[in-house]
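*Asks:* Structure in C-alpha coordinates, see below.
The values are calculated or read from the model by the stated rules, or taken from the named source; none is laboratory data. No experiment lies behind these values; they were computed from the predicted model shown. Methodologically, a virtual Cβ is constructed for each residue, glycine included, from the backbone with ideal geometry; neighbour enumeration extends over all protein chains shown.
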Amino acid sequence: MHQLKVYQYPKCGTCRNAVKWLQNEGYELSLQNIFEQAPTTDELEDLIAKSGLELKKFFNTSGEVYKEMNLKDKLAGLTDKEKIELLSSNGRLIKRPIVTDGSQVTVGFKAEQYQASWGK
(Lines give C-alpha, C1' and ligand atoms only; values in the text may rest on other atoms or scores of the structure.)
Protein backbone atom coordinates (compact mmCIF):
# COMPACT_ATOMS: atom_id res chain seq x y z
CA MET A 1 0.00 0.00 0.00
CA HIS A 2 1.33 3.42 -0.97
CA GLN A 3 1.32 6.11 1.68
CA LEU A 4 0.90 9.74 0.77
CA LYS A 5 1.43 12.79 2.93
CA VAL A 6 -1.38 15.33 2.59
CA TYR A 7 -0.95 18.86 3.86
CA GLN A 8 -4.53 20.00 4.29
CA TYR A 9 -7.14 21.80 6.38
CA PRO A 10 -9.88 19.40 7.56
CA LYS A 11 -12.69 21.96 7.18
CA CYS A 12 -11.72 22.80 3.58
CA GLY A 13 -14.14 21.22 1.09
CA THR A 14 -11.46 20.92 -1.58
CA CYS A 15 -9.19 19.11 0.87
CA ARG A 16 -11.98 16.74 1.91
CA ASN A 17 -12.70 15.96 -1.75
CA ALA A 18 -9.01 15.26 -2.39
CA VAL A 19 -8.70 13.02 0.67
CA LYS A 20 -11.83 11.10 -0.32
CA TRP A 21 -10.53 10.69 -3.90
CA LEU A 22 -7.16 9.37 -2.68
CA GLN A 23 -8.79 7.00 -0.18
CA ASN A 24 -11.04 5.66 -2.94
CA GLU A 25 -7.87 4.88 -4.91
CA GLY A 26 -6.67 2.82 -1.94
CA TYR A 27 -3.99 5.13 -0.59
CA GLU A 28 -3.04 5.22 3.06
CA LEU A 29 -2.82 8.89 4.04
CA SER A 30 -0.78 10.78 6.57
CA LEU A 31 -2.74 13.99 7.13
CA GLN A 32 -1.16 17.19 8.40
CA ASN A 33 -3.35 20.16 9.32
CA ILE A 34 -1.47 23.08 7.78
CA PHE A 35 -3.30 25.62 9.96
CA GLU A 36 -2.00 23.95 13.11
CA GLN A 37 1.38 22.87 11.73
CA ALA A 38 2.57 24.58 8.57
CA PRO A 39 5.37 22.83 6.66
CA THR A 40 8.86 23.98 7.65
CA THR A 41 10.97 26.04 5.26
CA ASP A 42 13.01 22.88 4.49
CA GLU A 43 9.84 20.87 3.77
CA LEU A 44 8.53 23.65 1.53
CA GLU A 45 11.80 23.94 -0.39
CA ASP A 46 11.68 20.19 -1.00
CA LEU A 47 7.99 20.22 -2.02
CA ILE A 48 8.47 23.16 -4.37
CA ALA A 49 11.51 21.56 -6.02
CA LYS A 50 9.73 18.23 -6.52
CA SER A 51 6.50 19.81 -7.78
CA GLY A 52 8.10 21.45 -10.79
CA LEU A 53 5.75 24.40 -10.15
CA GLU A 54 6.58 28.04 -9.72
CA LEU A 55 6.79 29.16 -6.10
CA LYS A 56 3.80 31.47 -6.55
CA LYS A 57 1.59 28.41 -7.20
CA PHE A 58 1.99 27.52 -3.51
CA PHE A 59 0.21 30.69 -2.36
CA ASN A 60 -3.50 30.58 -1.55
CA THR A 61 -4.26 33.74 -3.53
CA SER A 62 -7.99 33.57 -2.75
CA GLY A 63 -7.43 33.33 1.01
CA GLU A 64 -8.30 36.04 3.53
CA VAL A 65 -4.80 36.28 4.99
CA TYR A 66 -3.24 36.69 1.53
CA LYS A 67 -5.64 39.56 0.82
CA GLU A 68 -5.29 41.14 4.28
CA MET A 69 -1.50 41.18 3.92
CA ASN A 70 -1.84 42.71 0.43
CA LEU A 71 0.55 40.07 -0.88
CA LYS A 72 -0.57 40.50 -4.48
CA ASP A 73 1.49 43.68 -4.54
CA LYS A 74 4.21 42.67 -2.07
CA LEU A 75 5.31 39.25 -3.40
CA ALA A 76 7.19 40.65 -6.38
CA GLY A 77 9.55 42.47 -4.01
CA LEU A 78 10.40 39.39 -1.93
CA THR A 79 13.15 36.88 -2.52
CA ASP A 80 12.24 33.18 -2.86
CA LYS A 81 13.69 32.60 0.61
CA GLU A 82 11.45 35.33 2.07
CA LYS A 83 8.41 33.89 0.26
CA ILE A 84 9.11 30.40 1.63
CA GLU A 85 9.59 31.80 5.15
CA LEU A 86 6.28 33.62 4.80
CA LEU A 87 4.49 30.42 3.72
CA SER A 88 6.06 28.49 6.58
CA SER A 89 4.99 31.15 9.10
CA ASN A 90 1.28 30.87 8.28
CA GLY A 91 -0.39 27.76 6.84
CA ARG A 92 -3.38 29.86 5.79
CA LEU A 93 -1.20 31.32 3.04
CA ILE A 94 -0.57 27.91 1.47
CA LYS A 95 -2.67 26.61 -1.41
CA ARG A 96 -4.14 23.31 -0.36
CA PRO A 97 -4.06 20.44 -0.39
CA ILE A 98 -0.45 19.56 -1.09
CA VAL A 99 0.03 15.83 -1.71
CA THR A 100 3.36 14.03 -1.93
CA ASP A 101 4.70 10.50 -2.05
CA GLY A 102 8.24 11.75 -1.46
CA SER A 103 9.11 12.06 -5.13
CA GLN A 104 6.18 13.80 -6.81
CA VAL A 105 4.03 16.65 -5.51
CA THR A 106 0.63 18.04 -6.47
CA VAL A 107 -0.94 21.29 -5.27
CA GLY A 108 -4.69 21.88 -5.17
CA PHE A 109 -7.27 19.36 -6.33
CA LYS A 110 -8.59 18.63 -9.78
CA ALA A 111 -9.81 15.09 -10.41
CA GLU A 112 -8.15 14.87 -13.83
CA GLN A 113 -4.81 16.04 -12.40
CA TYR A 114 -5.10 13.49 -9.59
CA GLN A 115 -5.96 10.75 -12.07
CA ALA A 116 -2.79 11.55 -14.01
CA SER A 117 -0.60 11.77 -10.89
CA TRP A 118 -2.16 9.41 -8.37
CA GLY A 119 -4.52 7.19 -10.38
CA LYS A 120 -3.90 3.46 -10.30
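*Asks:* Suppose the filter is of a type in the set (Lys, Arg) and in contact with a strand residue (DSSP E or B) (Cβ under 6 Å, 6 or more places away or on another chain); does Lys50 pass it?
*Replies:* The answer is yes for Lys50.
*Asks:* Inspect all residues belonging to region 9-25 and state whether any of them is more than 15 Å from Tyr114 (Cα to Cα), under 13 Å from the mean Cα position of the chain (by Cα), surrounded by 17 or more Cβ atoms within 10 Å (Cβ to Cβ) and of a type in the set (Phe, Trp, Tyr).
*Replies:* Yes: region 9-25 contains one or more residues that are more than 15 Å from Tyr114 (Cα to Cα), under 13 Å from the mean Cα position of the chain (by Cα), surrounded by 17 or more Cβ atoms within 10 Å (Cβ to Cβ) and of a type in the set (Phe, Trp, Tyr).
*Asks:* Considering region 55-65 alone, what residues qualify as being crowded, with 16+ Cβ neighbours inside 10 Å and within 12 Å of the chain's Cα centre (by Cα)?
*Replies:* Leu55, Phe58, Phe59, Asn60
*Asks:* Need pairs with beta-carbon distance below 8 Å; first residue of a type in the set (D, E, K, R) and within region 1-15, second outside any loop (DSSP other than H, G, I, E, B) and surrounded by 15 or more Cβ atoms within 10 Å (Cβ to Cβ); sequence gap 6+ or separate chains.
*Replies:* Between residues of region 1-15 that are of a type in the set (D, E, K, R) and residues that are outside any loop (DSSP other than H, G, I, E, B) and surrounded by 15 or more Cβ atoms within 10 Å (Cβ to Cβ), the close pairs are Lys5/Leu29; Lys5/Gln32; Lys5/Val99; Lys5/Thr100.
*Asks:* Considering only residues that are out of contact with any Leu (no Cβ under 8 Å at 6 or more places or on another chain) and either of a type in the set (A, V, I, L, M) or assigned to a helix (DSSP H, G or I) (or both), which ones fall in region 84-105?
*Replies:* The answer is Glu85, Ser89, Gly91, Arg92.
*Asks:* Counting only residues that are closer than 19 Å to Ile84 by Cα and more than 12 Å from the chain's Cα centre (by Cα), which one in region 26-44 is surrounded by the most Cβ atoms within 10 Å (Cβ to Cβ)?
*Replies:* Filtering first and then ranking leaves Thr41.
*Asks:* Looking for whichever is modelled with pLDDT of 95 or more and closer than 21 Å to Lys120 by Cβ here; the options are Gly77, Gly52, Gly108. Which one fits?
*Replies:* So the residue among Gly77, Gly52, Gly108 that is modelled with pLDDT of 95 or more and closer than 21 Å to Lys120 by Cβ is Gly108.
*Asks:* Would you be able to say whether some residue in region 45-54 is surrounded by 15 or more Cβ atoms within 10 Å (Cβ to Cβ), closer than 14 Å to Val6 by Cα and of a type in the set (Val, Ile, Thr)?
*Replies:* Within region 45-54 (the criterion being surrounded by 15 or more Cβ atoms within 10 Å (Cβ to Cβ), closer than 14 Å to Val6 by Cα and of a type in the set (Val, Ile, Thr)), the answer is no, since none of the residues qualifies.
*Asks:* Test Ile94 against the stated conditions and say whether it is in contact (Cβ under 8 Å) with a residue 60 or more places away in the chain and under 13 Å from the mean Cα position of the chain (by Cα).
*Replies:* When the stated conditions are applied, Ile94 passes them.
*Asks:* Applying the selection to region 1-35, what residues are among the β-branched types (Val, Ile, Thr) and in contact with a strand residue (DSSP E or B) (Cβ under 7 Å, 6 or more places away or on another chain)?
*Replies:* Passing the criteria: Val6, Val19, Ile34.
*Asks:* Okay, next question. So Met69 clears everything in (1) over 13 Å from the mean Cα position of the chain (by Cα); (2) loosely packed, with under 14 Cβ neighbours inside 10 Å except one condition, right? Which one?
*Replies:* (2)
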